[in-house]
Structures are given as structure tokens and as C-alpha cells.
1. In the stretch 342-364, what residues are of a type in the set (Gly, Ala, Ser) and part of a loop (DSSP other than H, G, I, E, B)?
2. Just to confirm my filter: which strands (runs of 3 or more DSSP E) fall fully inside the stretch 161-240 and include at least 2 residues that are modelled with pLDDT of 95 or more and closer than 14 Å to Phe89 by Cβ?
3. Any idea which of Lys254, Lys280, Lys284 is more than 15 Å from Tyr333 (Cα to Cα), charged (D, E, K, R) and modelled with pLDDT of 95 or more?
4. Tally the residues that are of a type outside the set (Asp, Glu), farther than 27 Å from Lys236 by Cα, in contact with an Asp or Glu (Cβ under 8 Å, 6 or more places away or on another chain) and in a loop (DSSP other than H, G, I, E, B), restricting the search to the stretch 1-58.
5. Answer yes or no: is there a residue in the stretch 100-113 that is within 20 Å of the chain's Cα centre (by Cα), in the same structural domain as Tyr31 (by TED's automatic domain parsing) and over 24 Å from Met1 (Cα atoms).
6. Just a yes or no: is a residue in the stretch 128-142 assigned by TED's automatic domain parsing to the domain that holds Thr191 and touching a Gly at 6+ places or on another chain (Cβ under 8 Å)?
7. State yes or no: is Val232 more than 21 Å from Gly107 (Cβ to Cβ) and over 15 Å from the mean Cα position of the chain (by Cα)?
8. Restricting the first residue to the stretch 272-286 and requiring it to be free of Cβ contacts under 8 Å to residues at least 24 places away in the same chain and loosely packed, with under 15 Cβ neighbours inside 10 Å, which pairs with a second residue that is among the β-branched types (Val, Ile, Thr) and in a loop (DSSP other than H, G, I, E, B) meet a Cβ separation below 8 Å and a spacing of at least six or different chains?
Amino acid sequence: MINHPHDIHPHFKINGNHFSRRDLRTVAYSYVKEGEPFEEKIGDFLLDWLNDDYKTIKVRTSGSTGDPKTYFLDKQKMVNSALSTGKFFKVREGTKALLCLPSDYIGGRMMLVRAMVLGWDLDIVEPKSNPLDEVFKTYDFCAMTPFQMDNSLGRLHLVKKLIVGGGTVTENLIGLIQGIPTKVFEVYGMTETISHIAARKLNPKTDNTEKRPFKALPNVSVSQNAHNCLVVKAPKILEKELVTNDIVEVLTYKKFFWKGRLDNIINTGGIKIFPETLEKKLQKLITHRFYIAGLPHDSLGEQVVLFIEAPENQKFLSDLKQAIDRLKSLSKYEKPKHIYFVDKFEETNSGKIHRKKTLSKLMS
């Protein structure tokens, strides 16, 4: 491994080929001029990374939790993040890795940085919904979105360790990855934290799988503020403590449970409802994409409503209402007062449900 952004690990490979720093710049230019659209993005990033005049890298957020933002991340801190990942997941020099995430966001960019810093043999494929469809070799490490993992279940055995982030991993999907040899980890992080700063193992499932907390990576510690929001302290990747909008239950300075977003909380009759927690309870009942939101109510302040991305179906609606009524894990405040069918949810650039835009469009 290396410790400086100006250096490239001598064992670093792309698609089986070694590249010196100079050769890598040539490859990056060829990607920009002649590559596929996804390769052009890789080339743009590599040229910025190899430019010693740039001390930072420009990265956009997907906009799933608000308006898209742009951050300038320090290259040395990106190197530090890569080193932390290598230590935590034991993926060091010679690791055969697969990049199948878009390289205009932090997840894909950090896969490239990890490969250059840790000395990985990195293969690159188009970032599509089923990235393993044309893969016929085994990899030690890969990062995917939950949507990609869901569409790759039949070929996940080709990956030894898989990290999944960028969206919610449903209980149904967790159930589908039991019994496979792949070690699957859900990761927590964001652009500001330079990708993940914590992870939790999702398989093999035990009675305590739902109670498995996120565990912070090396040189990262966590706490919570007066609003129960997660506070991240990571001097090697952050300039100062980061106060997030994520509601958590902190167990120790290294472990926490994630409950939901502060800006998504529904206050109904004085009772606070976490939509993400409620959605987990409903996942076994609904196979379509859905989400919970709060709408104004005269006496309650807000009421819980359920939006489902599917054609309106009266039988399905009737059966679902009965199933929800029978669900003992739901309090009376958590049971949706209304259920709406939506043809198509609004999405972010990275394909996540844009809750606020969808709700705004429906209300208008």
C-alpha cells in the first residue's frame, strides 16, 4: 500500500494491465476521447487525480436526501479512507476487485482510489443493473447498490466480499442472500465522509441479524447529539466532527443502530414515527417499491401515508389493508391512514427514490 496521492502502487492493474503513473494518464486520455460514456467519467476522474496541481477532487452528491451538492474532497483524506477500508475488510495488495459503480459519484471513485492505493487488480465493467451478467471469473471484492445486488443474486457467488450501499437493503433482500458463500456487508457513509465509515454484516443470518449494529472503521468514532443525530469523528478523513441528519442509537463509541433521517420524521398526535423503521416492518407485505411519508392532518398534525409504485389494484389494496391490520408489530399510530398508488416515483440521478420531489408532484 501507499500513503500519498502522488504515488501509484506498483501492483495496481486495470483490466489485467500494469500501468505506471505516466501510462495511466495516457489511458485516462484515451477513455475521455474514445471510451464509452462510463469510461469517459473514469478518465475524467483519473486525470484530476493524476494532476498534482489539484489537491482536492470535485464530487457531486446524488441528491437523495436533499438538493444535489458539490464537495471538494482532499486527496490525502481519500487515500486515508482507502487505507481504512483495506484494514477493516482485509483487502490489501493483490486483491482482485470489480468496479461496477458509476465513477461520477463517491462510491465508484473510491473503488478506483482503493485500487491505486492498495495495489488491487481492478476490472471495470459498465455500471448497469446486472453488472455480473457478463462476468466469468471470481473476485475478492466488489461494491454495489442494493438494486444491483438484487439483480445479481444468481451470480453473487462470483464475489467473495461484497459491500452494499447507496440505498436501503430490504429485509426481503437480506433473506435472499442467506446461504450464499459471499460475505455481504451493508455500509454506512456519504460523500462528506468519503464513502463508508461503518459497516455491518448481513449474512449468514441469525436471530440477531436485525440487532447487528454498524461498526465504525479504524480511526472513526461516533456519538450522538441532543437530537439523537449521529456525530462522526474521523480526524484522518474529516476536518472536524460531522453532525449528520441520521437518527441513531449509539451503543459504544464504535457501534450504532441507524433508525432514520431527522428530516423524514413524522409527528402524528405527538408520537414520532421514523418512516425508514416503519418501512422495514412493511417490507414483507409489499413487493413493489414503496415509501412512507407524512401529510398534514387537522387534529394529528401529520398523518402516516403509504405510497406504492404500482398500478391501482383494488384487490391488492384490500388484501394489503387487512395484512397491515393484522401486523402485531405496528402501533395504531404507525398504521397508514391512506394508501396511494403511483405510476412512477421521481428519482435522483443515481436511481434512488426522491421522496420530496415525488410527494411534491403528487400534492400539486
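1. Looking only at the stretch 342-364, we keep the residues that are of a type in the set (Gly, Ala, Ser), and these are 350-351, 360, 364.
Scanning the stretch 342-364 gives Ser350, Gly351, Ser364.
2. So the answer is 183-190, 195-201, 214-216.
3. Result: Lys254 is the single residue among Lys254, Lys280, Lys284 that is more than 15 Å from Tyr333 (Cα to Cα), charged (D, E, K, R) and modelled with pLDDT of 95 or more.
4. 2
5. Of the residues in the stretch 100-113, the ones within 20 Å of the chain's Cα centre (by Cα) are 100-113.
Those left that are additionally in the same structural domain as Tyr31 (by TED's automatic domain parsing): 100-113.
Going one step further and asking which of them are over 24 Å from Met1 (Cα atoms), we end up with 102, 104.
Yes: the stretch 100-113 contains one or more residues that are within 20 Å of the chain's Cα centre (by Cα), in the same structural domain as Tyr31 (by TED's automatic domain parsing) and over 24 Å from Met1 (Cα atoms).
6. No, the stretch 128-142 contains no residue that is assigned by TED's automatic domain parsing to the domain that holds Thr191 and touching a Gly at 6+ places or on another chain (Cβ under 8 Å).
7. For Val232, the condition - more than 21 Å from Gly107 (Cβ to Cβ) and over 15 Å from the mean Cα position of the chain (by Cα) - is not met.
8. Going by the 8 Å Cβ cut-off, the qualifying pairs are Lys272/Ile265.
The values are calculated or read from the model by the stated rules, or taken from the named source; none is laboratory data. Since the model is a prediction, treat every value here as computed from it, not as a measurement. Neighbour counts run over all protein chains shown; Cβ positions are idealised from the backbone, glycine included.
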